[in-house]
Structures are given as structure tokens and as C-alpha cells.
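To start, the structure itself, in C-alpha cells.
The values are calculated or read from the model by the stated rules, or taken from the named source; none is laboratory data. Here the structure is a predicted model, which is why all the values come from computation and not from measurement. Cβ: placed from backbone, ideal geometry, glycine included. Neighbour counts: every protein chain shown. These accessible areas exclude ligands, DNA and RNA; they are computed on the full protein's heavy atoms, side chains included. Shrake-Rupley method; radii C 1.70, N 1.55, O 1.52, S 1.80 Å.
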Amino acid sequence: FIGDGTGVGKGREIAGILLDNWRQGRKRAIWVSQNSPLIEDAKRDVRGIGWNDSLILDLSKLKIASEIPKDRQGVYFVGYSLLKMEDKRSVTEAAKAEGKIANSRLTQLIDWFGRDYDGVVVFDEAHNMGNAIAVRGRRGTSKPSATAIAGINLQRLLPKSRVVYVSATGATEVMNLSYADRLGLWGEGTPFANKREFIDQISSGGIAAMELVARDMKAMGNYLARSLSFDDVKYEPLHHNLTPQQREIYDEFAGAWQIVLSNINAALELTDGAKSGKGKSSALAQFWGSSQRFFNQVITSMQTPAVVNSIEKDLEAGHAVVLQIVNTNEAATGRALARMEEGDELEDLDLTPKEQIMDYVKHSFPVAQYEPVEDEEGNIKYVVVTDSAGNPVENAEAVALREELLNRLGSVRGIDGPMEILLNHFGTDKIAEITGRTRRVVYAKDENGKQVKVIEHRSKAKTMADADAFMNDKKPILIFSYAGGTGRSYHADLVVKNQRLRRHYLLQAGWRADRAIQGFGRTHRSSQKQAPEYVLVTTDIIGQKRFISS
């Protein structure tokens, strides 16, 4: 297990392991990573150690039903999402009974690699397989993820392969090791009979027990965990004080959510949903989840103008700017575009966070009618009423309540999202966007030279071109989300043209600390001319109206 921190050079370490085995005669290997586009970074690392990058083969370029020639030599690179992919049209019951999925990427790789072959299988960004067992939580038991199951199956079906796990955040939680069957942490010869017992006992010991596991793994030679020095890294806060207008807008949004909550409670009473523990819990869970995401986006939007001003000063000083965000607003953009009718103007398109509250009310407001049902033991439970076709029956009063609420919310003011603010201010000719968005609404010049809104489609090729433009010093600003923030390099690399000081803004941290740390590692890496300066963007909303009772 290579647990080196972000930026140490795990890609080159993987390349070195593969080259070493290649020279020992093992000419077939599998490299699993975050996603397929990272193959370009893998090839860069292979070139970096003086090996032939043409030996890195892209599995995504092959049809799922095609067979890889047995005599083909090289390293097949595959993303986790691709690894779990299967052609559902050809899955037969007989194949399932034999433990084999017909025409799956997994089968494709195994048939080529050979079940008895002792080549290398690398699980890069292995934390993607962290959810490998069923976990009991407050809302029931969550199932293992398809990604984790595919990774575990690959290990079990290639019993003689040499497995390497790689992740900068691999030992943060004991759950994150549940996929690592080859480390010998449980089973025969250990204090733990199985994976479940290992996780339960280590979890009960807290972070101290996890530290002991990491220490013992290092002592056994199974675990490497090094990190770059942060001595020359600088940090500073950028605090945005809300303007009087922003405070007014924030209060208006808080009041709107108060109204929504009171209407939800009224609707639950009308539909008898309040008498169903599951129904009420589901409705309120959706409400609080939506409101949390909404205010995260609102606060980020409100502090973005301060970031714009700071970036202007950075550019004047000759620095390169990197912005780390989480939410690109792609889903809201797609819904807004889908609602557009023929003849509507893009200029009138509403892409503000207000759309989140509107969409929540339209699609998640509790309007389904409940009725009491007696079970076999004589207990009364409330369940959703359905018609002859199995569709939920809606309560007319609750529907009217929803429509009235939508009319009231329509008058609430909106503010632009952070991505729109940045792109509208600096323009696409200055910003390199490395996110998962497939389309965006931006300003461009028409045939008369006038600035108009257009729909721009984004592809993986355009994303890679944007990243290259930043590293080649053609674009001074780069924005990345989690989709574009794993395994990539945006630092002042000694081998690229753009060696300017990186000013890395944490504009939106997200909900997971490990992913935020992964993002920091994009600009602080080995082989750099200078370390970055991190800027933490904050906003103080203490004293503002609360829609939460506490």
C-alpha cells in the first residue's frame, strides 16, 4: 500500500513498479485509476522515468463485447466507473450462476490477463473502493458500492497477481481499508477472523486504533506513507464582509425556506404523511439536505465578488490563480435549459441558486396521500395510496398548497452562481475550466461583435486543452472541481512554461475533508519551482436570520 501524500509522485512510483516487473518478463499489467482521462497523466509519469508511454493502453477505446488478443503486451489503463461497466443485454442467468458476467469490462480484462498470471494490478486512488461492505447507519443499511465490488472481484479472480494499492487518503478511516484483501489484516494468522470483525474492533478503538494499524502495516513493510514538506507553503484568509444588500437577500432566502418548511408540515398533515414515520422522515431529510446545499451555494456566491477583486490583484502581480470548488451548478443548468421553450432567449435563463429551492418544491414537496393499513400482527401503518397502475395518488389540497408556494417563491430575488460570476467577469479566454460539466452557458461575441449568451458544449478533449493552456501560460486562471481534481497537476512544474506563483483559492471546501486535501495537492507537488499560497475564503453570517430553530 502506497499511502504517500498528494504531490509526492505516486504516479511515477507506479510507473517504476510496472517497469521493474516488465524487465523481469511480466509483460501484462492492469492500472485502475479515478477515471479514464487520467491516462494522459499516467503516460506523462511513464515518460518521466524514461519508459515507452505507448505501452499504456486505453481500455475505454475498446468495445465492451470485443476480446483483447491474448498475445497483446502492455498496461491496460481503466477508470473505476468503466471497470464496473457491463453489457446488460448479454447478462444471462447461467453466467451469473457461474460467477461471471458476460461481456463485462471485468471479464474482458481477466480473459486477457489470465487467471494464473502473476503480473501487476495497481489500484490507483484506491479510496474509490472504500465502501466495500454493508454498513448500518441511522437510516438503515447501505449496500456496498458497485465500484468496490468490481475491485474486490478483480483481486479474487486474479489470485496470483501482484496487487498494489495507492491512495493519499487511504488510512483516514478503517472503512477505507475494507477492499484491501491482500494486506493480511484479517483472516488466518491474524487476531481477526474476517473483514467485518476487523472493521468493528478497530472502529471501536477510534483514531488511535487506526494509527496502530498504520504503524503495524509500516513495520511489516506493507505500507509507505510520506509527504512533501509544507515549510515553504504560505496560507492566508480572505474574509468577505456581507454587504447590506447581501444581508437583505440572505434574510429573504431564510424566510423563504421558513415558509417552505411550514408548508411541508401542513402538507404532511393533509396527506396523513405525518403519521408515517418513514414518509415524514424522508420528506424532512430531503428538505434539510436541499436547504444545506442551497445555502452552501448562496454563501459561496456572495463571497465570490471578493475573490474576483483579489484575483485581479494577483494577475497584476504576475501570479497564476487556481480556484477549488465543489458545485458547478450543472444539474440546475440542465433543468433550466430543458424547461426553455422555443423562442425563449438565453439572456432570460435563470441559473441562480433560487432554482434549487424551486426545483425542490416542484419535485420533492409531499403531495402523496397516505392511508392506514393493518399488518399481519395487527399493527397500523400508514402507506402511500396508489391507483390501479401503481402510481401514487396525490392529495388535491397538498397540490394546491405546492402551486401557491411556487408562486410566492417566484418573486424571490436571485443571485448568480460562483461559476457564472467568474466566467462572466474574466471570460472563457482567461479561465481554464477543469470540471465534469458537459455544457455551460457563457458569453461570446456574435457576428456583429456583440456579447451574447451561448450554450457551449464541453468534452474531455476541451477540458484537457484548457488544462494544457493553463500549464503553457496561455490562460492565467484555472477552476477545478473534484471531477478534475484527482491525480492532476496544476503546480509550478519545472518542465512547463507556466512556473508562476500559484495562488490557490479554496472557494468551496465541500463536505469531505479528504477530498479537500486531495484538492490542495493539485498545486503543491514535487518538481516545482515554488510552493503555492493557499487562500481560505470565509464569510461571517452570524447575526443573520435563521430558519433553523437552534
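Here's the list of lysines a cross-link from K354 could span, going by alpha-carbon distance under 17 Å and ignoring same-chain residues fewer than 8 apart: K362. Think of the stretch 166-261 as having a plus end and a minus end, set by charges on the Cβ of Lys, Arg, Asp and Glu; of Y223, L242, G255, Y223 sits farthest toward the positive end of this dipole. Helix-only arithmetic for the chain: the sum of -39500 (n - 2.57) across DSSP H runs with n ≥ 4, divided by the residue total, places the mean residue ellipticity at 222 nm at -12000 deg cm²/dmol. Near G5, the amide H atoms lying under 5 Å from its own belong to R226, S227, L228; only residues 5 or more places off or on other chains count, and H is placed 1.01 Å from N.
Computed over the chain, the P(r) tail beyond 31 angstrom holds 58 percent of alpha carbon pairs.
Accessible area of the stretch 360-439 with a 1.4 Å probe: how many percent of it is carbon plus sulfur?
Numbers: 2000 of 4360 Å².
The value for the stretch 360-439 is 46 percent carbon and sulfur by accessible area.
Taking 7 Å steps out from each Cα toward its Cβ at S229 and T428 produces label points 4.4 nm apart.
Dipole of the chain, Cα-centred, from +1 at each Lys and Arg C-beta and -1 at each Asp and Glu C-beta, to the nearest 20 debye?
Dipole size: approximately 1940 debye.
Across all directions, the average projected area of the convex hull around the alpha carbons of the stretch 250-339 is 8.5 nm².
Within a straight-line Cα-Cα reach of under 12 Å, K43 can be paired with the following aspartates and glutamates, leaving aside sequence neighbours fewer than 8 residues apart in one chain: D53, D58.
The count of lysine pairs in the stretch 414-524 that are at least 8 places apart or cross chains, and whose C-alpha atoms lie under 23 Å apart, stands at 23.
Over all orientations, the stretch 163-314 has a Cα convex hull whose mean projected area works out to 16.2 square nanometres.
Here the Debye sum runs over all C-alpha atoms of the stretch 395-534 as equal scatterers in vacuum, and log10 of I(q)/I(0) at q = 0.16, 0.17 Å⁻¹ comes out as -0.91, -0.99. Close amide H contacts of L501 (hydrogens built in the peptide plane, cut-off under 5 Å, sequence separation of 5 or more or a different chain): A320. Ranking S310, S282, I357 by Cα position along the charge dipole of the chain, where only Lys, Arg, Asp and Glu carry charges on their C-beta atoms, puts S310 farthest toward the positive end. Fully extending the segment from L55 to S388, taken as 0.36 nm per residue of separation minus the present Cα-Cα distance, adds 114.0 nm.
Volume per residue for the stretch 190-266 equals 213 cubic angstrom (convex hull of Cα atoms). Between H457 and R196, the simple label model (points 7 Å from Cα in the Cβ direction) yields a spacing of 4.9 nm.
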